[in-house]
Amino acid sequence: MNFKFRKAKTSNGMDIIFIERPYSPMISFQVWVRAGSKYERPGITGISHMIEHMMFKGSSKYGPQEHAKRVQDIGGEFNAFTGHDKTVYYENIAPQHLENIIEMESDRFLHPLFNQEEFLRERDVVMEERLLRTDNSPYGKGLEELFSLSFVAHPYHWPIIGWKSDIASYTKGKLIHYFKERYSPKNIFFVVSGKAEFEEVVSLIDRYFGGLGGEDSETYNLPQEPQQKGNRWGEVIMDVGIPFIFMGYVLPGYGADAYPLISILDRIITTGESSRLWRKLVHEEGIASDAGGGVYSLGDYSIFFLYAMAKEGKSLYDLEKRMVSLLGEAEIEDNELEKARNQSLANVISSLEKSFYTGLVSGEGYINKQDPSYFLRNLDILKKAGKEEVERVWREYLREGRRNTVFIKGER
């Protein structure tokens, strides 16, 4: 695969990453902001996510939802997401509409309304979202508790959506203060992937975003997570018919050599009905009604997690014991490795056919390593991954003393 990366800078200091894709029918315009939950603090947790919601509620020229309607009217895609490390706004559109998109996007960055009535309504929406996806969801609550248990110093400790008490205490003033701090030129860069003339892209972004100012945000020296020196356990009592168990391990974040190999472990251990976890616990031994897991691949650290739902009459503690013993079986068969590696590669390579995904992986490389092509290095590590390397990562990180376990139990 050949990718041509070009880079420029706006007059007010924001970087522009351009990935030329001359045969793509669509162009992806993405605005990346260093405004994820790790930049928050107790008292305003979740405020990055709240601001993302408010950015859809109107600007000086466009009313609430008007931006979205205009993108939909030209057959484009329009959305945003907030994570632990960033907030990303994007449009996927035909190339001839690029200027209109950049102009609309710039208006909400330079002139967001943050209307008080809209703010109060949206705060209630976020509270309902938290209630639905976390507080009333065994899966969501389990993951939230797992992150809190796994990170004692690093701000991955708190959830992206924020603690309930912090959401309730949001004010318009808090939002504006955080917006001015994080949505400033030093914290924003652009990723453009698709068919376009590089010079025109740079000119348009500078024309419409060149007037963006903002306060100089403080330099964040994020705390390092101390080495975990023992297993940890947590328990959540909630209205749940079937008890759950979540188990997680903190692994290296983006940039570490082990990072690409985690996807192979995920395929072997937790992904799908052919994974070791599902095959053993559900199909062969019948001690779980469901089992799975995944990886949260983040900038500073990652979390490899497993979950299982206890079958009626089966103990969570027996389930935990069996999951631990299964993780101790770190020998990988040649056919397991080949299948997992091929699946991981196929997933990445097929995704890279889309301008949107190419933009996302380039943005990840840039926000974490200042190199938009860094995903190609990760891809190369994945291609060359041998059994000994993957087993070494398994034994080094999925071992005793590094485990964090959360039990989700019904109300007594």
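Here the average projected area of the convex hull drawn through the C-alpha atoms of the chain stands at 20.5 nm².
Remark: for residue pairs Lys7/Lys384; Lys38/Lys86; Lys339/Lys383, the C-alpha separation exceeds 19 Å in Lys7/Lys384. Its Cα gyration tensor gives the stretch 229-364 an equivalent ellipsoid, and the semi-axes of that ellipsoid, as √(5λ) in whole Å with the largest first, are 29, 18, 15.
Only the Cβ atoms of Lys and Arg (+1) and of Asp and Glu (-1) were treated as charged; on that basis the dipole of the stretch 293-333 about its Cα centre amounts to roughly 220 debye. Karplus-derived 3J(HN,Hα) values for the stretch 240-257, using 6.51 cos²θ - 1.76 cosθ + 1.60 with θ = phi - 60°, are 9, x, 10, x, 10, 9, 10, 9, x, 9, 7, 10, x, x, 4, x, 6, 4 Hz; glycine and proline are entered as x.
Note on Lys229: aspartates and glutamates with a C-alpha under 16 Å away, same-chain residues under 8 apart excluded, are Glu396, Glu400. Taking the C-alpha atoms only, the angle from helix 198-209 to the longest principal axis of the chain is near 80 degrees. Rolling a 1.4 angstrom probe over the stretch 144-290 with all protein chains present gives an accessible area of which 50% lies on carbon and sulfur atoms. In order along the stretch 351-357, the phi-based Karplus estimate (6.51 cos²θ - 1.76 cosθ + 1.60, θ = phi - 60°) of 3J(HN,Hα) comes to 5, 5, 6, 9, 4, 4, 5 Hz; Gly and Pro are listed as x. Residue-wise HN-Hα couplings along the stretch 305-317, as the Karplus relation 6.51 cos²θ - 1.76 cosθ + 1.60 with θ = phi - 60° gives them from phi, are 10, 10, 9, 8, 9, 5, 6, 3, x, 9, 7, 4, 6 Hz; Gly and Pro carry x. Entry for the stretch 61-118 at q = 0.20, 0.24 Å⁻¹: log10 I(q)/I(0) = -0.82, -1.09, Debye formula applied to identical alpha-carbon scatterers, no solvent contribution.
Highest average first, the peptides 196-207, 330-341, 300-311 ordered by how many other beta carbon atoms sit within 10 Å of their residues are 300-311, 196-207, 330-341. Taking 7 Å steps out from each Cα toward its Cβ at Val152 and Asn12 produces label points 4.3 nm apart.
Here the stretch 1-136 is treated with +1 on each Lys and Arg Cβ and -1 on each Asp and Glu Cβ, and its dipole about the Cα centre works out to around 540 debye.
Put simply, the amide H of Lys311, placed in the peptide plane, has neighbours under 5 Å in Ala288, Ser289, leaving out anything fewer than 5 places away on its chain. Full extension of the chain segment joining Asp257 with Lys186 gains 22.7 nm, where the gain is 0.36 nm per residue of separation less the Cα-Cα distance. Based on the Cβ-Cβ distance of Arg121 and Asp334, what FRET efficiency does E = 1/(1 + (r/R0)^6) give at R0 = 56 Å, to the nearest 0.05? Rounded to the nearest 0.05, the efficiency is 0.45. Give me the distance between the Cα centres of the stretch 202-272 and the stretch 174-191, rounded to whole Å. Their Cα centres are 21 Å away from one another. Axis angle, to the nearest 10 degrees, between helix 116-130 and the longest C-alpha principal axis of the chain: 20 degrees. For the chain, the dipole from Cβ point charges (+1 on Lys and Arg, -1 on Asp and Glu) about the Cα centre works out to 420 debye, to the nearest 20. Other residues within the sphere of radius under 12 Å centred on the Cβ of Arg121, judged by their own Cβ, net out at -3 (K and R +1, D and E -1). Descending by average beta-carbon neighbour count within 10 Å, the peptides 220-231, 66-77 line up as 66-77, 220-231, the highest first. Amide H to amide H distances under 5 Å link Asn79 with Tyr90, where only residues 5 or more positions off or on other chains count and H is placed in the peptide plane.
Per residue, the stretch 279-343 exposes 48 Å² of accessible surface when a 1.4 Å probe is rolled over the protein heavy atoms with every protein chain present. Under a 5 Å amide H cut-off, with hydrogens placed 1.01 Å from N, Ile16 pairs with Ala8, Lys9, Thr10, Phe190 among residues at least 5 apart or on other chains. Our Cα-only numbers for the stretch 1-114 put the radius of gyration and Dmax at 15.3, 48 Å.
Helix 374-384 and the longest principal axis of the C-alpha atoms of the chain enclose an angle of approximately 30°. When all alpha carbon pairs of the stretch 264-304 are counted in 10 Å bins from zero, the resulting P(r) reads 32, 43, 20, 5 %.
The values are calculated or read from the model by the stated rules, or taken from the named source; none is laboratory data. What you are looking at is a predicted structure, and each value in this text was computed from that prediction instead of being measured. A quick note on method: Cβ atoms are made from the backbone with ideal geometry, for glycine too, and the neighbour counts reach across all protein chains shown. In case anyone asks, the SASA skips ligands and DNA or RNA and just uses the protein heavy atoms, side chains included. Shrake-Rupley method; radii C 1.70, N 1.55, O 1.52, S 1.80 Å.
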